[in-house]
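This report concerns only the one structure given below.
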């Protein structure tokens, strides 16, 4: 038996980790949520929300360069 996670499922786990200041777990789950989102035919959560939380978690983890890169992606998709 296999468990299949949707992007929204991983995002919710990542958001919960963020709320308890577990930034490493949050980054991991936001990364997986973003990867899954790229393959979903019908997005279960907006890409902008995942990227916003992902960038914040990266920033709080101390990964400033990755946070800026992720935030730049967010800005790019919001321009569309």
Determine if the range 23-35 includes at least one residue that is over 11 Å from the mean Cα position of the chain (by Cα), in a loop (DSSP other than H, G, I, E, B) and modelled with pLDDT of 95 or more. no
Any idea how many residues of the range 7-22 are within 21 Å of residue 78 (Cβ to Cβ) and in a loop (DSSP other than H, G, I, E, B)? 0
On the basis of being surrounded by fewer than 20 Cβ atoms within 10 Å (Cβ to Cβ) and assigned to a loop (DSSP other than H, G, I, E, B), does residue 43 make the cut? yes
Looking across the range 39-53 at residues that are without any contact (Cβ under 8 Å) to a residue 40 or more places away in the chain and within 16 Å of residue 15 (Cα to Cα), the single one that is nearest to the chain's Cα centre (by Cα) is 51
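The values are calculated or read from the model by the stated rules, or taken from the named source; none is laboratory data. This one's a predicted model, so the numbers in the text were calculated from it and none came from an experiment. All Cβ positions, even for glycine, are placed from backbone atoms using ideal geometry, and neighbour counts span all protein chains on display.
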